[in-house]
Amino acid sequence: MTSTDSAQKPAAKDPWDLPDVSGLVVGVLGGTGDQGRGLAYRLARAGQKVIIGSRAAERAQSAADELGLGVEGATNAECARRSDIVIVAVPWDGHAKTLESLREELAGKLVIDCVNPLGFDKKGAYALKPAEGSAAEQAAALLPDSRVTAAFHHLSAVLLQDASVEEIDTDVMVLGEVRADTDLVQALAARIPGMRGVFAGRLRNAHQVESLVANLISVNRRYKAHAGLRVTDV
């Protein structure tokens, strides 16, 4: 490579130069559950427009009314249609069925899957391995016309919903196939005080990220904590 070629090569993009997502509408499928409700609360508290989705519109609206902050409630289908970014926070056992039913409404949308496939027995929580490899890869297979990413797996629902907690001290591992999409998810995570979104690879690496929740559950039980993650030297 000549010195001229080197001079003309564009500078590497700053990984922390993230887009403005403040004007985007965020829908939360499964927003009446603990994790979805907590995410809806934190994003709305940060000034994001949020719509909670549920199978029953009345249940979604009741949860939205309790949260306040301008949060709206709707059926899952209406939530998906009206949102720019859709967070999937439904229980694992309803994951595939819910996404299959919303394929049309989610077409063209940026989808963030935060579902953790877990089993529980007398020894505690353990990771399940979906046929597709992970919940995120299952979502990508079921939603071929959507832009599927994965994030928000390791957050404490207790801390998210606790109004006395000002900042959520954690990093969010973000996975996806297209940098523009993962940048948007990182930017959304950064809207919540104390939180960072950190790119952690493509969707094929989602299984170990989802599985780590089983380890965090063990940490929390032993130490009576609400543990999160921090990535060092980044």
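Taken together, the values in this text are just the output of simple stated rules run on the coordinates, not laboratory data. What you see is a predicted model; the values in this text were computed from it and never measured. Every residue, glycine as well, gets a Cβ built from its backbone with ideal geometry; the counts of neighbours run over all protein chains shown.
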Requested in this report: For Lys224, list the aspartates and glutamates whose Cα falls under 17 Å from its own Cα; do not include residues on the same chain fewer than 8 positions away.
Outcome: Asp162, Asp169
Query raised in the report: Angle, helix 206-223 long axis vs. longest principal axis of the chain, Cα atoms, 0 to 90°, nearest 10?
Result: 60
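Reported to two decimal places, what Rg/Rh ratio describes the stretch 1-140 when computed on Cα atoms with Rh from the Kirkwood expression? Could you put the intermediate results ahead of the total?
Values: Rg = 19.0 Å, Rh = 16.7 Å.
With Rh from the inverse mean 1/r over Cα pairs, Rg/Rh is 1.13.
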**Report entry** In Hz, Karplus ³J(HN,Hα) per residue of the stretch 79-96 (6.51, -1.76, 1.60; θ = phi - 60°; x = Gly, Pro)
**Finding:** 4, 5, 5, 8, 9, 8, 10, 10, 8, 9, 10, 7, x, 4, 5, x, 4, 4
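Share of antiparallel DSSP beta bridges in the stretch 85-234, in percent to the nearest 5?
Around 30 percent of the beta bridges assigned by DSSP in the stretch 85-234 are antiparallel ones.
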Report summary line: Computed over the chain, the Cα gyration tensor eigenvalues, each multiplied by 5 and square-rooted, give semi-axes in Å (largest first) of 28, 22, 20
Query - Inter-probe distance in nm under a simple model that places probes 7 Å from Cα toward Cβ, at Glu100 and Ala56 - result: 2.4
Report summary line: Among Leu188, Ser211, Leu229, the residue whose Cα sits farthest towards the positive end of the charge dipole of the stretch 156-234 (+1 at Cβ of Lys and Arg, -1 at Cβ of Asp and Glu, taken about the Cα centre) is Ser211
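Scan the stretch 44-131 for trypsin sites (Lys or Arg not before Pro) in coil per DSSP, keeping those whose Cβ has at most 12 other Cβ atoms within 10 Å, and list them by number. Each step should come with its number before you reach the end.
Values: sites: Arg45, Lys49, Arg55, Arg59, Arg81, Arg82, Lys97, Arg103, Lys109, Lys122, Lys123; in loops: Arg55, Arg103, Lys109, Lys122, Lys123.
Sparse-neighbourhood loop trypsin sites (Lys or Arg not before Pro): Lys122, Lys123.
May I ask you to derive the FRET efficiency for Thr232 and Leu69 from their Cβ-Cβ distance with R0 = 30 Å, giving the value to the nearest 0.05?
0.35
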Query raised in the report: In nanometres, what is the gap between the two model label sites at Trp16 and Ala180, each 7 Å from Cα along Cα-to-Cβ?
Result: 2.5
Report task. Just the number, please: percent antiparallel of the DSSP beta bridges in the stretch 37-127, rounded to the nearest 5. Result -> 35
Report summary line: Those GluC sites (Glu not before Pro) from the stretch 166-234 that are DSSP loop and have at most 15 other Cβ neighbours within 10 Å turn out to be Glu166, Glu167, Glu177
Query - Tilt relative to the chain, helix 57-67 - C-alpha long axis, 0 to 90 degrees, to 10 - result: 70
